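Report on one structure; see the data block that follows.
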Amino acid sequence: MSHLAVIFRREFASYFVTPVAYVFILVFLVLSSAFTFYLGQFYERGQADLQPFFNFHPWLYLFLVPAVSMRLWSEERKSGSIELLLTLPITLWEAILGKFLAAWAFAGLALIGTFPIWMTVAFLGEPDHGAIMGSYVGSWLMAGAFLAIGCCMSALTKSQIIAFILSGTACLMFVLAGFPLVLNFFEGWVPVMILDLIAGLSVITHFTSISKGVVALTDLIYFVSMILLWLFFTRLMLIMKSAD
Amino acid sequence: MIQVNQLTKQFGSSVVVNGLSFDVGAGAVLGFLGPNGAGKSTTMKMLTGFLLPSSGTAKINGHDIQSERQAAQAEIGYLPEGAPCYEEMTVYDFLRFISEIRGFRGREIARSIDRVLERVSLHSVLNQRIETLSKGFKRRVGLAQALIHDPRVLILDEPTDGLDPNQKHQVREMIRSLSDEKIVIISTHILEEVSAVCSRAMIINKGEIVMDNSPEALAELAPEHESISLKVADLGPQELADALSQLPETDRVTLDQGGGVTVFPKIIGSPLLGAVQALLAAKHWRVDSMIQHRGQLDAVFRAATEGGAR
C-alpha cells in the first residue's frame, strides 16, 4: 500500500474513534433537512426538485466544513505529532493529500447520508435526476474547495479555534464574491474585466451552474484549481512554519 | 555513519545552531548535553529532516538529509521531544500505522510489531488507546515506533524526561542493549544519564560544540578530579593544611567543614596520593578518613556552559 493510502486510512479512521464524525453527520443531516423543509418550503413550492435542499449547502458548509478541517494540521502542531509524521520517510505531498482526501471522503460520506431526500422527491414526483446528480457532484466539489481552504488555515496555527474562524471567513469571501454586497463595492471604479473576475471567483456562481445539471468544464476547472491552489498554499505554510 | 558539516540554523536574526561539525560512527552512543535552548533539539530536528538547515550539510549513512531526505529518514528511528503520537489510536493501531508507512507488508507488519513489543514490553496495553496510558507507557510507545524498522540510526530527544527513576533505568537499559552496529544519539540535561549510557558526550552551548569527548575524559576536567579529602586525629586542620602545602605535588589546600582538608593535585595523574600517604607515615599521624575524589560531569558542564572553565 502506498504512503498516501496508509495516511488516508489512518486519517479517515480517526474521525470515527471520537464522537466528531457522528456529531458532524447528525448535525449536517438535521440542519440540511430543516433548512429544506422549513426555510426552503420544499412542499409548498410544489416542484419536484432539490433546489431548496442544495441552495443552503454553501451556507451550511460555511461553518460545518471548517469544523472538519480545523484539526487537520492544528492538532498535529499542538500535540507535536507533526514532527513524527514529517520525519517518516514520506513526501510532504503524500501527507497533505492523504489528510485532505480523508476529510473530503468524510464530507462525501455525510453527503451520501442525505439520500433519503432524493428518494422522497423521486417518490413524490418526476425530478430531473441528472440535475440532482450534478448538484451532488457540485456540492461535493464545493466541500472540497472549502476543505482545501480550511486545510491551509489549519496549517497556519496551533489553535483549532483560530483555524476555524480563519477558514470560515475565507470561505465566506468566496461565497460572497458573486453577491451584490461585494460586487457593488467594486462597481464603478474597477474595470469590468476585474469585476467579472471577482464574480467568477464566487463559489456560488459555479455551484449554481453545476446544480442545473450542466457539469461544464469551466466549473470543474474552477473547483479543481481551487483545491490544488489551496493545497499548494498548505504546503507552503507547512514549509515556512515548520519551526514553530 | 553520520557526517555533519558546518550545520547552521538561524531563526530570523538569532543563530540557534552555529556551524556544527562532527562525525559519529557505528556503535557509538552520543549524548548531546547542554542547557535548555542550547540547540540540541534543533540539531536533532535537522538531522531527522524536520527542519531545513540554513546552511551546512548532514549525511545519514551517506544520504544527504536535504537532497535524499526520504532515503535518510528511512535509516532513522526518531523519538521527538515529549514522545508525541496519535493519542486517539490504540497502541496496536498506531504501531501498525508506523509499520506500514515504514514499508512493511502483510505478515511482516505483525512480525515487526511483535519484535518491538518484546523489546519495550507493551503487551499489556496493546489494545488501549494511547491517551489513557501513563507517561512511562507513552514514552515506551514512542520508543517502539522509533525501533519498529530496526533502524541503524536512533535519534532520541530527551528519552527519559519526566519518567520516574525505575522507568529511567528501564529506558537506559534498553538503549544500552541496542546492538553494537547502531548509532544512537540522545539529548539530555541529566548528567548521570550521560555517564550511564553514552560512549561519547558532546556539550553544546549557544549552538556550538564546547566539549566533545568520552564522559570519563570530560569528568577528569572537573576541578575536584583526583583531589584528596582527609582528616587526621592528631592535629588541627590548619597545621595539616600547612604540612600538605609543602608537598611538591600539591596545587592548593582548602579547609573543609568538619575539620578536614582537601588537597588538589598540580597535574592530573600525579603521584599526589602516594606523597600524602608517605607524609602521614613519616609523621606517624593517625588518619580518621581519607577519600580520593573522581571528577563529576556537572562541574564540567557548569563551567563549560556558564563560562570560566578550568
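The numbers here are math on the coordinates, done by the rules we state, and not lab data. Remember, it's a predicted structure, so these values are computed and weren't measured experimentally. Backbone-built Cβ (ideal geometry, glycine too); neighbour counts: all protein chains shown.
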What is the Cα centroid distance between segment B:70-96 and segment A:94-132, reported in whole angstrom? 35 Å
Starting with the fewest neighbours, write out B:Tyr78, A:Tyr38 ranked by other beta-carbon atoms found within 10 Å of each beta-carbon. A:Tyr38, B:Tyr78
In whole Hz, with x marking every Gly and Pro, tabulate ³J(HN,Hα) for segment A:200-208 from phi via Karplus 6.51 cos²θ - 1.76 cosθ + 1.60, θ = phi - 60°. x, 7, 5, 5, 4, 3, 6, 5, 4
For B:Thr48, A:Thr18, A:Thr205, B:Thr188, what ranking results if the residue with the fewest other Cβ atoms within 10 Å of its Cβ goes first? A:Thr18, A:Thr205, B:Thr188, B:Thr48
Counting sequence-distant residues (5 or more places) and residues on other chains, those with an amide H built under 5 Å from that of B:Phe11 are B:Val16
Listed residues B:Ile130, B:Ile76, B:Ile228, most fluctuating in chain B (Gaussian network, C-alpha, under 10 Å): B:Ile228
Candidates A:Leu228, A:Leu101, A:Leu84, ranked by Gaussian network fluctuation over chain A, Cα under 10 Å, top entry: A:Leu84
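When averaged across all projection directions, what area in nm² does the alpha-carbon convex hull of segment B:228-310 cover?
Computing the convex hull of the Cα atoms and averaging its projections yields 5.9 nm².
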From the phi angles alone, apply the Karplus equation (6.51, -1.76, 1.60; θ = phi - 60°) to segment A:2-12 and give each ³J(HN,Hα) in whole Hz, x where the residue is Gly or Pro. 6, 4, 4, 5, 5, 5, 3, 5, 4, 5, 4
Once Lys and Arg are counted +1 and Asp and Glu -1 for all other residues with Cβ under 10 Å from that of A:Ala103, the total becomes +1
Apply the Karplus curve 6.51 cos²θ - 1.76 cosθ + 1.60, θ = phi - 60°, to the phi angles in segment B:2-10 and return the couplings in whole Hz, x for Gly and Pro. 10, 10, 10, 10, 6, 5, 9, 9, 10
Considering chain A as a Gaussian network with a 10 Å cut-off on Cα pairs, which listed residue, A:Ser135, A:Ser69, A:Ser81, attains the greatest mean-square fluctuation? A:Ser81
For the protein assembly as shown, with the dipole built from +1 on Lys and Arg beta-carbon atoms and -1 on Asp and Glu ones, taken about the Cα centre, which of B:Met89, A:Ile117, B:Leu126 lies farthest toward the positive end? A:Ile117
Show the residues, 5+ positions off or on another chain, whose built amide H is closer than 5 Å to the amide H of B:Gly77. B:Val153, B:Leu154, B:Ile155
So how do A:120-131, B:216-227, B:84-95 stack up, highest first, on mean other-Cβ count within 10 Å? B:84-95, B:216-227, A:120-131
Considering every residue in B:76-83, what mean count of other chain Cβ atoms within 10 Å of its Cβ is obtained? 3
Nonlocal amide H pairs with B:Val210, under 5 Å, H built at 1.01 Å: B:Ile203, B:Ile204, B:Asn205
In peptide A:7-13, how many Cβ atoms from other protein chains are near each Cβ within 10 Å, on average? 3
